[in-house]
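The values are calculated or read from the model by the stated rules, or taken from the named source; none is laboratory data. In this text the structure is predicted, and so the values were computed from the model without any measurement. Glycine also receives a Cβ, built like all others from the backbone with ideal geometry; neighbour counts cover every protein chain displayed. These area figures cover heavy atoms from the full protein model, side chains too; ligands, DNA and RNA do not enter into them. Shrake-Rupley method; radii C 1.70, N 1.55, O 1.52, S 1.80 Å.
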Amino acid sequence: QVQLVESGGGLVQPGGSLRLSCAASGNIFSIGAMAWYRQAPGNQRELVAAITRGDSTYYAASVKGRFTISRSIAKNTVYLQMNSLEPEDTAAYYCNTSPIPTITWGHGTQVTVSS
């Protein structure tokens, strides 16, 4: 079974940047589209950005223009470049298939935006 390992989170000041990585143990791109999700305390997990097998991308309105999703087929890795971070972006970030998560969730990576 494919396993997902997210990394790259941390503490950053408002306006800062982070680059998240999601490394898969198998060929995730043969499954379908991949996405980044996030979950803040007390909130439901929400889809942040997705990338299809044809490299089309989708972004939630709250992150459009600030976040960029990309992938490396050779490395079975999905990335999320996050710029102009805001306190509202504070959450645990996870990757999974899209539009329906079908892989066992990884541990996620925590992003905290605070001055």
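When Ser62, Ser17 are checked against the criterion of being modelled with pLDDT of 95 or more, out of contact with any strand residue (DSSP E or B) (no Cβ under 7 Å at 6 or more places or on another chain), of a type outside the set (Lys, Arg) and within 20 Å of Ser114 (Cβ to Cβ), a single residue qualifies: Ser62.
Tally time: how many residues in segment 56-82 are charged (D, E, K, R) and more than 14 Å from the chain's Cα centre (by Cα)?
The number of residues fulfilling the criteria is 1.
Which ranges mark the strands (runs of 3 or more DSSP E) fully within segment 1-98 that have 3 or more residues being open to solvent by less than 40 Å² (accessible area, probe 1.4 Å)? Steps first, answer last, please.
Values: elements: 4-7, 10-12, 18-24, 33-39, 46-51, 57-59, 67-72, 77-82, 91-98.
In segment 1-98, the matching strands (runs of 3 or more DSSP E) lie at 18-24, 33-39, 46-51, 67-72, 77-82, 91-98.
Within segment 91-115, residues that are closer than 21 Å to Thr52 by Cα have Cβ atoms under 8 Å from residues that are assigned to a loop (DSSP other than H, G, I, E, B) and of a type in the set (Lys, Arg) in these pairs: Tyr94/Arg45, counting only partners at least 6 apart in sequence or on another chain.
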